[in-house]
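As structure tokens, the structure follows; a few thoughts come after it.
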Amino acid sequence: MKARAAEEERPRLVVLTGPTATGKTDLVIRLAGFFGGEIVSADSMQVYRYLDIGTAKPSRSVREAIPHHLIDVVDPDEPFSAADFTARAGEIIESLHRSGKVIWVVGGTGLYLRALLGGLASLTGADPRVRKRLREEMARHGLSLLFERLARVDPESAGRIHKNDAVRIMRALEVYESSGRTITAQQKEHGFRQRRYRVLSIGLARERKDLFARIDRRVEEMIREGLVAETEGLVERGYDESLKPLQTLTYRPVFRYLRGEGDLPGLAGAIGRETRLYAKRQETWFKKDRQIEWYSPDDGEGIARRVDAFLRRETNGVRG
RNA sequence: GGGUCGGUAGCUCAGUCGGUAGAGCACUGGACUGAAAAUCCAGGUGUCGGCAGUUCGAUUCUGCCCUGACCCA
């Protein structure tokens, strides 16, 4: 009985996800307007302050009308990771749950959602010193040397990770070299199997053609709204283009443009291409998630009915 | 009107000393546990401008035509 009660006490989340530019923001504004509640953003870029236009953050007026969490929480030169996201979102969700609010988790960063809902393996965290050393070793001796080292200490990882995937090779070595245990062993103990929440996952899907047209429109709008000036402003603030959040699909092309490589239409083309590729990567990721119930973004009514059923079922359950 | 250099994948171009072609990007599919808007993998794609000629065989050589850029009139 005690276990059952604890079951029912788990926070309930309405997750809204899907590729970039499908209309998640517009939809959740309408839903939250109707059902109430607050929004927890699951977007790895909107966490950064000052990156507004290029990350398509919800407008100030929207954020004043409906409380948004995990937007503008770190500076562009601060580290932030899926683990940070999970920890912070966990606290926010607990507190919203205690006050009985409807919790909307909205975003397209697949790893963040998976980590939030399933938990993250309790691995060694990122260690900037180890990372710096590994990067230097790679520059000096080449990636293949690092890969060979990984193959010796953790053959299973080496079998799973491609020999060109520098990020994952270095991460696996980082875990091994700072903890003495392989990443494989630690991940096996875990495997995203925690179930901290009761979840309704709603995915927004659009036809490729439609989605790509929306992406192009959004890119034009970003440029019109001053994406280039925003980027120059970041530089004036002292943020270098090598920073992680600036080496991304919108800002990276802007820096190229600022160096005189290409004109404005060329910039729009580049961002559009990158964004389309990103949207496809997101589709690939979400396709695997069998929990997601897919809807057309135009089917606001159907989605609202589904959300209503989910919330009703939950509130009628046993209360703590 | 004459000359020069071009016309090869959706785009930019490479190439074939004659045996029907290839890179990058685009496009499509996939992977993903503290960098995830990151990182990585795989896959095609073609009347080689047109018509003739030479040749066993022409995208490659020759002629003519069409077409683009530039130069000279």
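Some notes on this structure:
- Of the residues making up segment A:263-279, those that are surrounded by 14 or more Cβ atoms within 10 Å (Cβ to Cβ) and within 13 Å of RNA strand B (Cβ to nearest atom) are A:269, A:270, A:271, A:272, A:273, A:274, A:275, A:276, A:278, A:279.
- Within segment A:258-299, the set of residues being in a helix (DSSP H, G or I), free of Cβ contacts under 8 Å to residues at least 40 places away in the same chain and over 18 Å from residue A:107 (Cβ atoms) comprises A:258, A:265, A:266, A:269, A:270, A:273, A:274, A:277.
- The condition of being near RNA strand B (Cβ under 9 Å from one of its atoms), surrounded by 14 or more Cβ atoms within 10 Å (Cβ to Cβ) and in a loop (DSSP other than H, G, I, E, B) holds for only one of A:134, A:51, that being A:51.
- Unique match (being among the hydroxyl-bearing types (Ser, Thr, Tyr) and assigned to a helix (DSSP H, G or I)) among A:231, A:248: A:231
- In the set (1) away from RNA strand B (no atom under 11 Å from the Cβ); (2) in contact (Cβ under 8 Å) with a residue 40 or more places away in the chain; (3) more than 22 Å from the chain's Cα centre (by Cα), residue A:103 fails one condition alone, (3).
- Residue count, segment A:249-262 (criterion: closer than 15 Å to residue A:226 by Cα and within 14 Å of RNA strand B (Cβ to nearest atom)): 5
- Among the residues of segment A:165-209, those identified as farther than 30 Å from residue A:128 by Cβ and either touching a Phe, Trp or Tyr at 6+ places or on another chain (Cβ under 7 Å) or away from RNA strand B (no atom under 12 Å from the Cβ) (or both) are A:195, A:197, A:198, A:199, A:200, A:201, A:202, A:203, A:204, A:205, A:206.
- Extreme residue, farthest from residue A:273 (Cα to Cα), among residues of segment A:197-236 that are of a type in the set (Lys, Arg) and more than 23 Å from the chain's Cα centre (by Cα): A:224
- Condition met for residue A:22 (within 12 Å of RNA strand B (Cβ to nearest atom) and either in contact with a strand residue (DSSP E or B) (Cβ under 8 Å, 6 or more places away or on another chain) or assigned to a helix (DSSP H, G or I) (or both)): no
Read the figures in this text as sums done on the coordinates, not as results from a lab. Everything numeric here is computed off the predicted structure, so don't read it as measured data. Positions of Cβ are generated from backbone atoms using ideal geometry, with glycine treated the same way; all protein chains shown enter the neighbour counts.
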